[in-house]
Structures are given as C-alpha cells and as structure tokens.
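Computed from the coordinates by the stated procedures, all read-outs in this text should not be read as laboratory data. Since we're looking at a predicted model, the values are computed, not measured. So basically every Cβ, Gly included, is an ideal-geometry build from the backbone, and we count neighbours across all protein chains shown.
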Amino acid sequence: MVLLFQTYEGPDCNGERGHSEASTRAAIESALAADAELDCSEITVTMLGSYAVLEGFVHSAGELVNAMLIAEDVVGKGNVHSRLLRREDGS
C-alpha cells in the first residue's frame with residue numbers, strides 16, 4: 001500500500017512547492033517503512049524538484065530494486081535516482 005499525500009504542482013508558489021516536496025518525501029518514506037521485507041533504517045529520501053533521490057545502504061540487490069519500485073509508485077517511473085549502496089551482512 002502506498003500512501004499518497006495531496007500535493008500542489010503549480011509553478012508560481014515556492015512555499016506551496018516546498019510543502020509538496022515535503023509531503024512527497026513523507027509519502028515515499030512511509031511507503032518504504034510499510035514494506036515488511038525492506039530494512040529502510042539506513043535509507044534517506046530527498047527531493048530535487050520532481051525527482052526523488054534515495055541515498056544510504058541496503059542489504060541486497062533485491063532491497064535496492066524494491067526501494068526503487070516503491071519510490072516510483074509515488075513519484076512515477078523514471079523520477080527516482082538511486083545512490084543506494086549494497087552493504088554486505090556483518091559490515
């Protein structure tokens with residue numbers, strides 16, 4: 001389940017746009033946390049315009065792909081940039 005927050009996409013109002021980015025970031029973070037198979041404790045979400053940037057560490061390639069797909073469910077395919085690194089267990 002992906003929680004979508006109401007956003008404002010108007011180009012004129014910077015204050016509203018900041019709120020939109022914050023709510024989109026919160027929606028991605030909530031969706032990542034809701035996935036029982038994903039350890040998102042070391043994932044940070046930032047927004048760069050309409051792009052979501054995922055940074056941090058995951059434990060497997062599957063977690064990396066899963067995190068990307070979850071974020072794309074919120075912001076759309078092609079609007080997620082991953083800077084996630086896979087950390088070997090025990091590191």
Averaging sequence separations of C-alpha pairs under 8 Å and six or more residues apart, then dividing by the length of segment 14-86, give the relative contact order as a whole percent.
-> 31 percent
Highest average packing first - 20-31, 37-48, Cβ atoms within 10 Å | 20-31, 37-48
DSSP-defined antiparallel bridges as percent of all bridges, segment 14-86, nearest 5 = 45 percent
Taking Lys and Arg as +1 and Asp and Glu as -1, residues besides Val74 with C-beta under 13 Å from its C-beta add up to -3
Quick one: net charge of Leu54's neighbours, Cβ under 12 Å, K/R +1, D/E -1?
-> -3
